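Chemist: One structure follows; several queries about it will come next.
The values are calculated or read from the model by the stated rules, or taken from the named source; none is laboratory data. Keep in mind that what you see is a predicted model, and the values were worked out from it rather than measured. A quick note on method: Cβ atoms are made from the backbone with ideal geometry, for glycine too, and the neighbour counts reach across all protein chains shown.
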Amino acid sequence: MQHTEPTVIGKISYTNSWPVFHHFRPAELDIPAAMVSEVPAVLNRGMAEGTIHIGALSSFAYAASSDKLLLLPDLSVSADGRVNSILLFSRVPVESIGGSRIAVTNTSATSVNLLKIIMEKAFGAKPEYISADPDLDDMMEQADACLLIGDHAIRASWLEHGYIVTDLGQLWKEWTGSSMTFAVWAVNREAANERPGELAFIAKALIRSKERGVAELAPIVRAACSEVGGTAAYWEDYFRNLCYEFGERQQEGLSLYFRYAYELGLLPREVKLELWESNLLTRVNE
């Protein structure tokens with residue numbers, strides 16, 4: 001049965017998700033649908049509460065509400081090595097930070113907790129963490145190192161600042177040998193029971209948009225140059241370096257991240273990845 005009220009889709013506005021959403025047009029779907037583009041905290045809450053039925057959210061937000069969500073196959077924002085937009089700026093090498101103070105962005109629990117895992121488990125360090133607005137100069141006035149993500153990290157990486165820059169995606173890969181997944185797509189469990197057909201239809205449309213976006217990066221690169229700055233060559237490399245699949249390797253890396261987060265008390269319970277295995281979804285994807 002098709003619902004008359006629209007199926008609500010959550011959209012992350014971060015640059016790294018643009019290839020998935022660039023060719024996605026809710027108004028062109030054959031079902032009633034509405035897209036909400038909001039800050040991650042609003043999207044995360046909406047997905048957990050069920051006011052958003054399907055959409056993107058940070059990996060850590062999925063873990064925090066995994067009892068209410070199911071993961072979509074074939075969609076993520078991952079990196080098997082450098083990610084180029086989750087960067088630690090420091091005056092000394094990362095392995096020498098020890099108990100120093102690190103200012104962390106207040107916009108990403110996934111990245112902040114990745115840093116905490118690496119510092120404690122890889123280097124045996126327990127720095128002092130302070131939350132700060134994402135501004136390189138202001139953060140480094142308050143601390144010995146700082147973590148920036150997204151466009152703030154990218155713009156800061158273009159500056160002549162003299163700091164050591166450590167890519168957390170690359171550091172995770174060197175330490176664990178694993179891929180790291182920063183964002184996932186999920187469905188609300190209740191919505192999956194109540195409107196499986198609509199959700200399967202939207203999931204397929206998102207996958208088609210992703211495939212076209214990855215294959216035709218030129219318009220996305222132009223948009224990034226216009227809205228964020230930088231060169232076409234930079235953005236071409238940036239998007240091509242990211243992985244938008246969610247296969248076995250991405251799932252293994254994310255499971256390891258969740259296990260470490262639980263061991264350090266960053267998550268209250270162990271998290272098992274649960275994918276939405278709908279017969280409708282399989283049929284739509286054939």
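Chemist: Yes or no: Val187 aliphatic (A, V, I, L, M), buried (at least 17 other Cβ atoms within 10 Å of the Cβ) and in contact (Cβ under 8 Å) with a residue 40 or more places away in the chain?
Modeler: Taking the combined requirement at face value, the residue satisfies it.
Chemist: Can you find, within segment 11-37, the residue that is nearest to Ala200 (Cα to Cα) among those that are in contact (Cβ under 8 Å) with a residue 40 or more places away in the chain and of a type in the set (D, E, K, R)?
Modeler: Looking at the filtered set, the residue picked out is Asp30.
Chemist: Taking the conditions exactly as written (of a type in the set (S, T, N, Q) and outside any loop (DSSP other than H, G, I, E, B)), does Asn44 satisfy them or not?
Modeler: When the stated conditions are applied, Asn44 passes them.
Chemist: Could you please tell me which pairs satisfy a Cβ distance under 8 Å, a separation of 6+ or placement on different chains, a first residue in segment 212-234 that is in the same structural domain as Arg25 (by TED's automatic domain parsing), and a second residue that is charged (D, E, K, R)?
Modeler: Leu217/Glu236; Leu217/Arg240; Val221/Glu236; Val228/Asp151; Val228/Arg155; Gly229/Arg155; Ala232/Arg222
Chemist: May I pose another question? Check Pro219 against each of (1) touching a strand residue (DSSP E or B) at 6+ places or on another chain (Cβ under 8 Å); (2) at pLDDT 95 or above and name the one condition it does not meet.
Modeler: Only one criterion is unmet by Pro219, namely (1).
Chemist: Can I ask one more? Between residues in segment 263-286 that are closer than 30 Å to Phe201 by Cβ and residues that are β-branched (Val, Ile, Thr) and modelled with pLDDT of 95 or more, which pairs lie under 7 Å by C-beta distance while being six or more apart or on different chains?
Modeler: Sorted first by the residue in segment 263-286, then by its partner, the pairs are Trp276/Val187.
Chemist: Here's another thing I want to ask about it. Need a quick list: strands (runs of 3 or more DSSP E) entirely within segment 47-124 having at least 2 residues that are more than 13 Å from the chain's Cα centre (by Cα).
Modeler: 69-79, 86-90, 101-105
Chemist: When you scan segment 66-89, do you find a residue that is under 30 Å from Glu160 (Cβ atoms), of a type in the set (A, V, I, L, M) and surrounded by fewer than 21 Cβ atoms within 10 Å (Cβ to Cβ), even just one?
Modeler: Among the residues of segment 66-89, not one is under 30 Å from Glu160 (Cβ atoms), of a type in the set (A, V, I, L, M) and surrounded by fewer than 21 Cβ atoms within 10 Å (Cβ to Cβ), which makes the answer no.
Chemist: Tell me whether segment 76-87 contains one or more residues that are without any contact (Cβ under 8 Å) to a residue 40 or more places away in the chain and within 30 Å of Gln142 (Cβ to Cβ).
Modeler: Checked against the condition, which is being without any contact (Cβ under 8 Å) to a residue 40 or more places away in the chain and within 30 Å of Gln142 (Cβ to Cβ), segment 76-87 yields no hits at all.
Chemist: Identify, please: which residue in segment 138-160 is assigned to a loop (DSSP other than H, G, I, E, B) and acidic (Asp, Glu) and is, among those, surrounded by the most Cβ atoms within 10 Å (Cβ to Cβ)?
Modeler: Here the answer is Asp144.
Chemist: Select from segment 181-221 the residues that are charged (D, E, K, R) and not in a helix (DSSP H, G or I) and write down the one among them that is nearest to Gln170 (Cα to Cα).
Modeler: Glu216
Chemist: Look at Tyr257 and say whether it is buried (at least 19 other Cβ atoms within 10 Å of the Cβ), over 15 Å from Ile154 (Cβ atoms), not aliphatic (A, V, I, L, M) and not assigned by TED's automatic domain parsing to the domain that holds Ser157.
Modeler: Judged against the criteria, Tyr257 is a match.
Chemist: Restricting to segment 234-267, what's the tally of residues that are farther than 16 Å from Pro19 by Cα and either aliphatic (A, V, I, L, M) or at pLDDT below 95 (or both)?
Modeler: Selection size over segment 234-267: 6.
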